[in-house]
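Right, one structure below, let's go through it.
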Amino acid sequence: MSKRKNWTLSIVGIVIVALFLFPVYWMIITAFKTQSEIFRTPPTFFPEKFQLDSFATVIEGGIGQYFLNSVIIAGCATIVVLLLAVPSAYGLARFKIKGVSSMMLVFLVTQMLPATVVLTPLFVVFNNLGLLNTYIAPVLATATLGVPFSVLLLRTFFMGIPKELEEAASIDGCGRLRAFLQVILPIALPSVMVCGAISFFFAWGDLIFSITFNRDQGLWPLTAGIFNAIGRYGIEWNNLMAFATISVLPVIIIFVSLQKHLVEGLVSGSVK
Amino acid sequence: MWKEFRSQFKGYLFVLPAVLFMLLLIGYPLIYNIVLSFQNVDLSNLATSDKQFVGFDNYKKVAGEEAFGISIGNTLIYTVGSVIFQVIIGFCLASFFSMKFKIAGFLRGIMMISWLIPMTVTALLFKFMMGSGEGIFNQMLLHAHLIDEPIGWLSSPEVALWSVIIANIWVGIPFNMLLLSTGLSSLPQDVYESASLDGANWWQRLIHITLPLLKPVLMVVLMLGFIYTFKVFDIVYVMTGGGPINSTEVLSTLAFRYSFSDFEFSLGAAVANVLFLILFAISLVYLRMMKKDEGI
């Protein structure tokens, strides 16, 4: 490809991406605007004076607790997902056990189920077990989003690792579990991290489980906090956008740092 | 024999925890939801054992409500509208980014940001941009003289459904693009070379080579898009809450409203089951297709 064509395509590409991501830009830039500037016509595409008042307002308004709750819920859900999905994917990839295909089917189908279908029954069950208004309820419920995805993605990955590695380990006197932990897991680490990140995104984005299972606002994650803030801040859009920007920040940081692996993982995980 | 059993047993130990977890948290609720939909559970007898079976009463009651018919229609329009545009725009972008210029992969990856932003945030963002007076959408359209009066994106019942569809299209575009890019990159290049030699132009190559070869991938993308869009909740719930006057009510928001605003859990369960039945049927078709592809 000629150098000139490369340049032209790159510029067109950048314009497309810039247009596409305009909403994200608009969210961040609005957070820095003053209340009066938001309602100005024609709108300003760059704030006249960057003000941090909106961020101060939402921080004083208690976004810290929401943030902490999101970290706890998404973090714990991710740990639950990895503890369950990694061994399971390995087992499904390596052992000749009966019913592999039906178990795969279970994971595939559960991935397609709407939260609405399990919401009411889970509410009743959690109510009977006394788990409403605890972190446990949303952690368990959001983990069900990450488990099937991770099992399907990691199984494909484990099948690609040559069996000889474990055989060599077993000749050296390694048991199956030790071979898995010490030989296979380190190789799989990048894929495991992708699964972890995606499970974290799933749990970070949850609204429905959290607002249903927890009436106690002190346990709400950022998504529920935002939903609540719509009422509280009304048309103070700069405050709302500051709230939104803070909630998006962690996922964008994770995404940017893992971008290449994540994109590949997403493709193979969702088509499988 | 014993050895074989032992190795199998170890395999089950690896696999079972995740399977049990999913059966307990998804499988059991799924069945319980069916039971609930045939009982008369509301807030008064939720925690007691005083639950009566009422046959198809809940389904009859739900079917008699105007909102139910509207929400089925809305869910269909929402899904088909979203998926069609996501796939068409996704395909155009995938074709563009499959031209091999240096930063193509990087740019394509950056677009995934719209997919990973929590739906609640996206919904809020579009709600802001679609504000009737000060919203940037109306401002730009007015400024470009494309419209004379502000559009009531979320306040007018005729437009609101399309407004939530627009937001959802935005969310789904990169994912469709990503899947279609993978499909495009796996097409055999020699077919294109010989077609070029025969003098086929860009359009002819698209119609006679790319689309037919891409058909299996396109079908998977369409089916997955349908399945994932059909269960939409967050975007609609946050942007419009189902209003104005039911104009954006979809099956999942309706089920949620029955269960957690009216606390008529059995009615909510009945609506959720209708949603589930439709999705289940489509998933079966999808799974059949996948099996055919892999030749299992």
Result of the Cβ filter at 7 Å on segment A:1-25, keeping first residues that are farther than 27 Å from B:Leu125 by Cβ and partners that are surrounded by fewer than 12 Cβ atoms within 10 Å (Cβ to Cβ), at least 6 apart or interchain, is A:Met1/B:Lys100
With the requirement that a residue be facing another protein chain (nearest Cβ under 8 Å) and not hydrophobic (A, V, I, L, M, F, W, C), what does segment B:134-173 give you?
B:Glu134, B:Gln139, B:His143
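Residue by residue, here is whether (1) among the aromatic types (Phe, Trp, Tyr); (2) modelled with pLDDT under 90; (3) surrounded by fewer than 20 Cβ atoms within 10 Å (Cβ to Cβ) holds:
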residue	(1), (2), (3)
A:Pro87	no, no, no
A:Gly91	no, no, no
A:Phe95	yes, yes, yes
A:Ser101	no, yes, yes
A:Leu108	no, yes, yes
A:Leu113	no, yes, no
A:Phe123	yes, no, no
A:Asn133	no, no, yes
A:Thr142	no, no, no
Can you run down the residue pairs with Cβ atoms below 7 Å, 6 or more apart or on separate chains, where the first is in segment A:209-233 and at the interface with another protein chain (Cβ under 10 Å from one of its Cβ atoms) and touching a residue at least 24 places away in the same chain (Cβ under 8 Å) and the partner is part of a helix (DSSP H, G or I) and open to solvent by 30 Å² or more (accessible area, probe 1.4 Å)?
A:Leu222/A:Phe67
Within segment A:44-121, considering only helices (runs of 4 or more DSSP H) that don't extend past its boundaries, which have at least 2 residues that are of a type in the set (Ser, Thr, Tyr) and under 30 Å from B:Tyr32 (Cβ atoms)?
A:63-94, A:100-112
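Matching residues to (1) modelled with pLDDT of 90 or more; (2) under 30 Å from B:Asn168 (Cβ atoms); (3) touching a helix residue (DSSP H, G or I) at 6+ places or on another chain (Cβ under 7 Å):
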residue	(1), (2), (3)
B:Glu4	no, no, no
B:Val15	yes, no, yes
B:Leu20	yes, no, no
B:Asn33	yes, yes, yes
B:Gln52	no, no, no
B:Gly55	no, no, no
B:Val87	yes, yes, yes
B:Phe97	yes, yes, yes
Every listed condition ((1) assigned to a helix (DSSP H, G or I); (2) out of contact with any Asp or Glu (no Cβ under 9 Å at 6 or more places or on another chain); (3) at pLDDT below 90) holds for A:Pro162 save (1)
Within segment A:145-189, restricting attention to residues that are basic (Lys, Arg) and away from chain B (no Cβ under 11 Å), which residue is nearest to the chain's Cα centre (by Cα)?
A:Arg178
Matching residues, segment A:2-43, being part of a loop (DSSP other than H, G, I, E, B), among the hydrophobic types (A, V, I, L, M, F, W, C) and either more than 8 Å from chain B (Cβ to nearest Cβ) or open to solvent by 70 Å² or more (accessible area, probe 1.4 Å) (or both)
A:Phe32, A:Phe39
Number of positions in segment B:24-60 that are surrounded by 14 or more Cβ atoms within 10 Å (Cβ to Cβ) and either outside any loop (DSSP other than H, G, I, E, B) or within 8 Å of chain A (Cβ to nearest Cβ) (or both)
19
If you go through segment A:186-201 one residue at a time, do you hit one that is among the hydroxyl-bearing types (Ser, Thr, Tyr), open to solvent by less than 30 Å² (accessible area, probe 1.4 Å), under 20 Å from A:Ala143 (Cβ atoms) and assigned to a helix (DSSP H, G or I)?
yes
Name the residues in segment A:44-65 that are open to solvent by less than 50 Å² (accessible area, probe 1.4 Å), within 12 Å of another protein chain (Cβ to nearest Cβ) and touching a residue at least 12 places away in the same chain (Cβ under 8 Å), would you?
none
Residue satisfying condition, being in contact (Cβ under 8 Å) with a residue 12 or more places away in the chain, outside any helix (DSSP H, G or I) and among the polar types (S, T, N, Q), within set B:Ser71, B:Ser132
B:Ser132
Take segment B:99-114 and flag every residue that is more than 7 Å from chain A (Cβ to nearest Cβ) and surrounded by fewer than 18 Cβ atoms within 10 Å (Cβ to Cβ).
B:Gly105, B:Phe106
The residue that is surrounded by the most Cβ atoms within 10 Å (Cβ to Cβ), considering only those in segment B:175-224 that are at pLDDT 90 or above and in contact with a Gly (Cβ under 7 Å, 6 or more places away or on another chain), is B:Met177
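The values are calculated or read from the model by the stated rules, or taken from the named source; none is laboratory data. From a predicted model like this one, the values you see are computed outputs, not experimental measurements. Neighbour counts are summed over all protein chains in view; Cβ atoms, including those assigned to glycine, are modelled from backbone coordinates with ideal geometry. Each accessible area value is taken on the protein alone, full model and side chains, heavy atoms only, with ligands, DNA and RNA left out. Shrake-Rupley method; radii C 1.70, N 1.55, O 1.52, S 1.80 Å.
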